[in-house]
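The values are calculated or read from the model by the stated rules, or taken from the named source; none is laboratory data. Treat the numbers as computed from the prediction; the structure is a model and nothing was measured. Because the Cβ atoms are built from the backbone with ideal geometry, glycine has one as well, and the counts that use them run over all protein chains shown.
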Amino acid sequence: MARPAPSPVYTLRGAGAPLNTLHFRCPAGDTPLLFSGSAKGAIHMWDLNSRRAEQVVEAHCGNSVIWLSTLRSGETLISQGRDMQVCLWDLKDGRSEVVDSVWTGSVGFCQCSVLETSPSNFLLAFAGPQTEEIKIVEMPGKNPVCSLVPDAQLGMVMCVQLWKPDSGLGPLLFAGYEDGSLLLWDVTQRSELSRVKAHPEPVMCLTFDPRRLRGVSGSCEKKLSSWMLDSQNNIQLQDCVMLVNPGVSQLRVRDDGRLLASAGWDHRVRVFGWKKLRPLAVLQYHTDMVLSVAFSDHQDPRQRLLAAGSKDQRISLWSIYNQGPDTV
Amino acid sequence: KLASNVQRKFAAAAGAVVAQSLRTLSSSADHADKIEALKTLNSFLDDAAESGATSAAEREEFRRAHYSRTLRVGVGLLQADWMSAAQRSQLVEPLFLKGPPDQALLALMEAVSQLSPSAGLDRLVSVTESFLQSGRLADLLWSSCLQSGLPGSPQLDEALLARLTALPDITANKLRLGNRPLFAPQRYYPLLASEMLAALERTCQALRDGTDCSVAFVAQTLGKVCVQGHSGPVLAVMAPRLAVCTRSDALWQRVCWKLLQNVPERWLEGVLTGLVQAVKSPEAFSRIVGNLALTNKKAQFVLTHKVLLLQYSYETQVLRTVLGHLASDRERRPLLVQVCAARQAFWCSERCTAKTDCNLKISYIFLKLVYLIRLSLVLFTIDLLIKQTSIMTVLPRPGQVSRYFSRFPINSFCPANRILRLFCCRPSDDDLTPYDMSGDQETGQASPPRYLRDCLETLMSSEDSERVELSLRVAESLVRRNVFAAKEISVQMTKVLLHMEDKYSISGFLALRQAAMVALAVTDSVPVTQYLTAEFYSLNYSLRQRLDILEVLALAAQELSTPFADKTSPSAAAPELTSYPATDPAHWRQVVEKRIQSKTRRISKGSTHRGTKAAPNRYAPAAGYFFFPLLRNYDKPEVTFDLLGSDHLVLGRLIHTLGLFMHLAVNAPVLFMHLFLFCLMVRRGVLFAVCAVFLSMPSQSLLVDLGEQLFETRTWLSGKNQIKCITTEEEKKNTIFTKN
């Protein structure tokens, strides 16, 4: 007998605008935080112990915040807004001030991707001013690394993900385009390694698990497309997962590689087993499109949370599949 | 039998040809003859040339019996000076690169160690280099995998293995400073590792296709290389790839296990210690090694004693990997408990002092482990730990524990949950129990509005495309069903619909909007038509909207003028609802009447069908509201709308619509008194429109495209001339009327 559908552990209200992006920072021995970026340019830092907004920062001149991330050190927050700026914030000692910013020149909704190459340096990939262009800069020096433009017309860049393979090759980049194509770029060679047409519609989101060399992408249709990278770095499409309702805003794989979560346009978050993409749960709470999902990075697996941010201006937090198999 | 005879014949023929060629090469003085002989020999190795001089059986025979002789001759030819470099690369080198790779490698290595430094040796080394670069090592290893059933000669294997693993030493001894970079250990061993991976990959593929393979030789190569101290570079290449491959592929996992099982015991330690250092995580290590520690005593000793207890040189990560490996599987956990017990016994013994136990890190891990095992008795029900309760008797004394703890701050190293996680093994998806997902229905079934006011509200202000679409789809039926409600908001709703834009690309948007507006105009004719006709001449409308107005008016007029065909008319429905048998005194009469009727047989029934029921013409009272206001301002140009100027498209439609109104008003008494006047008006309008067409079109295209219409117009106009006199008389009246 199936267990009844889960309910949220708690919800966070009061952001006052649709929540485009979520990011956890839960270091051991420190207050666990959840960052959220709203369509009105506010960045909320929610304290997960008190469940209140610890700090609210007005960013990007009131333009929508579309992406947030922190560096591993936890003291730098990166935010991307629709004012075509990516800002770096200093969070040390409770401060929150912009220390640097990068102009992207892209009017689209493509979220950035960050890859830390060393404790002090990181690569930042974002859509550039031209339609199909992806730019990569090395931070904090803002040195341009390369600009990747495909030789065919694929439409706007919709989503990117930087990663570094174990095999010692330079960083690689997955990019989804408006015409549904999925490309793998070699950043150091500036060459296209592989291309597949994963969807008939624009690729709305993708996520790639470098440890399993598997990824999944979503579009505005009723299916998720899963794919794999073979030893020659070719993207191989695998079977897809059918959804009940069309449209996916975001996909995330939990750090332990067991769960995949999708943010649906049908107001629901879906949870799948990552290994076989078996549907496990449908999280229903929101009354409008879910725009973002995030898994927390708690050290203790039992504290891990799943957060979903929606157009209905709320964030819901869920505790799901957190126990070891012996206790479930 | 015949086949074997034929084969023997082929073999004999091939043998003769080869012998002849070799003889020519060794004894003839004529270079052309020698080249020809070389070409013959090459043809035996060329698999691609199917149509060539040699058959498959001949080639097989050549490889089996004559290849080693040919190679010896080839070595000789490399030293000879009479050939050009091109001839050598075309005719001699392929002899080494295309035949069976094991024999070729042996011949090359033998020649390298025997020759003295010379140009011939240089050429030989170059051939060896291209042998390595063209992936022949993978072919060599792969061919050894395929010979699983055949009893190979152990001496040959031994020799091959020695050459394969010691190639850098052989070349370095011989060439000294002139050694090639490819033969340096830091390049050769990674190459060998990737060739081993390639052979394993082909093995997996072959197993999938159902071919038997053996990885014994690859395992021996791996073991020998590792025991010679090259495990670092080799496993740095192999371990990450194996970790990835085994993650998703059970067959790869089996091949890895088989590979490690086949490593000879004397070499196993090198492989395991190398592997444990090369992999990044306990999970990867477990996938590659499997339960080797349970089946192989040597492996068990290496993993549980040597790495954990005896050798102190390893990084902490290595210890974590081994402990994680042992803890992650139910069957391996007894080993972990044994290790812990051994360590505890050591601590509790009198010999234990801080100095003897020099790797304090590992002690720390063990202390934590022991604590966690105790804890796990509470947290997890690991049956095995309960069985092994003897461990409880050898726990360290509390003072000892606190001494260790005080020496190492907890945060500095190995957080508790890391080890805790060791106990939670990595299961597959199957261990995740799904929640109830029956609530996951299609969301398309958002309910359409039930009330007209809700519908209007949605159309006015909602941003939700689905709800707007649903509202628009039900708008017409809601209006027609709720006449009274519709009359209250008819004008407002008409206004909303008129200004509505197709923001969400709703399919059939125009038709739906039109139907709803027509329904409103029919339901509440007077106010709606007043509104629409007034808006027709007002400022801020597009041509499309003005044309919409005309269309809606025309359709509404048409509907109003047709007889009201409502099946559920009140007169028909009322008796059924109100008649109640007991209270109706005439009821029995009707029943009797019916019975009589049914029994009576009539020759001719006549017409029982009553024909269309007479109904008042609904158009008649409203016709004026449709017609007159549209006439009012046609000659008054606005900034945005000049009917007599640039917007003659609308004018044409207007005239058409007016004509339609006239036609539909055929039975309307109200219009009779103005009939003549209107006929006149319409004619004038038409005349004007015709003139507008004539004026605006270029004359040549007018004749070409509209010739037929032109002719028609002419006959029509000639008929009109006869009543022109009346027209002029009535003109005065007309102007008065239009001003009103």
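Brief remarks on what is shown
- Pairs with Cβ under 6 Å, 6+ apart, first in the stretch A:233-246 and within 12 Å of chain B (Cβ to nearest Cβ) and more than 23 Å from A:LYS164 (Cβ to Cβ), second assigned to a strand (DSSP E or B) and charged (D, E, K, R): A:MET242/A:LYS223
- Filter pass, A:ARG258 being within 12 Å of chain B (Cβ to nearest Cβ), under 30 Å from A:LEU193 (Cα atoms) and in contact (Cβ under 8 Å) with a residue 24 or more places away in the chain: yes
- For A:ALA125, the criteria (1) under 15 Å from A:PRO140 (Cβ atoms); (2) of a type in the set (Gly, Ala, Ser); (3) within 20 Å of the chain's Cα centre (by Cα) hold in every case but one, which is (1).
- Test: residue in the stretch A:274-292 that is basic (Lys, Arg), within 12 Å of chain B (Cβ to nearest Cβ) and under 16 Å from the mean Cα position of the chain (by Cα): no
- Residue match in the stretch A:80-97 (condition: buried (at least 19 other Cβ atoms within 10 Å of the Cβ) and among the small types (Gly, Ala, Ser)): yes
- Here the condition is being at pLDDT below 90 and surrounded by fewer than 21 Cβ atoms within 10 Å (Cβ to Cβ); of A:VAL107, A:VAL102, A:VAL149, it holds for A:VAL107 alone.
Each row is one residue, and each column tells you yes or no for (1) surrounded by 11 or more Cβ atoms within 10 Å (Cβ to Cβ); (2) within 11 Å of chain A (Cβ to nearest Cβ); (3) modelled with pLDDT of 60 or more.
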site	(1), (2), (3)
B:PHE413	yes, no, no
B:PHE423	yes, yes, no
B:ASP431	yes, yes, yes
B:GLN441	yes, yes, yes
B:TYR451	yes, no, yes
B:ASP454	yes, no, yes
B:THR458	yes, no, yes
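- Here B:ASP102 qualifies as acidic (Asp, Glu) and within 52 Å of the chain's Cα centre (by Cα).
- Selection within the stretch B:259-282 - within 14 Å of chain A (Cβ to nearest Cβ) and surrounded by fewer than 20 Cβ atoms within 10 Å (Cβ to Cβ): B:LYS280, B:SER281
- Top-ranked residue of the stretch B:483-504 - restricted to ones that are of a type in the set (Val, Ile, Thr) and within 22 Å of B:LEU550 (Cβ to Cβ), ranked as surrounded by the fewest Cβ atoms within 10 Å (Cβ to Cβ): B:VAL491
- Residue count for the stretch A:212-243, restricted to those that are in a loop (DSSP other than H, G, I, E, B), buried (at least 17 other Cβ atoms within 10 Å of the Cβ) and not acidic (Asp, Glu): 3
Rundown of residues vs (1) touching a helix residue (DSSP H, G or I) at 6+ places or on another chain (Cβ under 9 Å); (2) part of a helix (DSSP H, G or I); (3) not hydrophobic (A, V, I, L, M, F, W, C), yes/no style:
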residue	(1), (2), (3)
B:VAL474	yes, yes, no
B:SER477	yes, yes, yes
B:ILE489	yes, yes, no
B:LYS495	yes, yes, yes
B:ASP502	yes, no, yes
B:MET517	yes, yes, no
B:LEU520	yes, yes, no
B:SER538	no, no, yes
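- Per this entry, A:TRP46 is counted among residues that are aromatic (Phe, Trp, Tyr) and over 18 Å from the mean Cα position of the chain (by Cα).
- Screening B:ALA250 with (1) surrounded by fewer than 18 Cβ atoms within 10 Å (Cβ to Cβ); (2) of a type in the set (Gly, Ala, Ser); (3) more than 14 Å from every other protein chain (Cβ to nearest Cβ) gives one miss only, at (3).
- For the stretch A:159-188, a residue qualifies if it is polar (S, T, N, Q) and closer than 26 Å to B:ALA243 by Cα, and the qualifying residues are A:GLN161, A:SER167, A:THR188.
- Matching residues, the stretch A:186-211, being of a type in the set (Val, Ile, Thr) and either within 13 Å of another protein chain (Cβ to nearest Cβ) or surrounded by 14 or more Cβ atoms within 10 Å (Cβ to Cβ) (or both): A:VAL187, A:VAL196, A:VAL203, A:THR207
- Filter pass, A:GLY155 being within 14 Å of chain B (Cβ to nearest Cβ), surrounded by fewer than 20 Cβ atoms within 10 Å (Cβ to Cβ) and part of a loop (DSSP other than H, G, I, E, B): no
- Pairs where the first residue, in the stretch B:146-172, is of a type in the set (Ser, Thr, Tyr) and the second is at pLDDT 90 or above, C-beta under 7 Å, 6+ apart: B:THR165/B:THR221; B:THR165/B:LYS224; B:THR165/B:VAL225; B:THR165/B:GLN228; B:THR171/B:PHE183
- Hey, A:GLY108 in contact with a Lys or Arg (Cβ under 7 Å, 6 or more places away or on another chain) and more than 14 Å from chain B (Cβ to nearest Cβ) or not: no
- Among helices (runs of 4 or more DSSP H) entirely within the stretch B:196-308, having at least 1 residues that are touching a residue at least 60 places away in the same chain (Cβ under 8 Å), among the β-branched types (Val, Ile, Thr) and not assigned by TED's automatic domain parsing to the domain that holds B:VAL322 singles out B:216-225.
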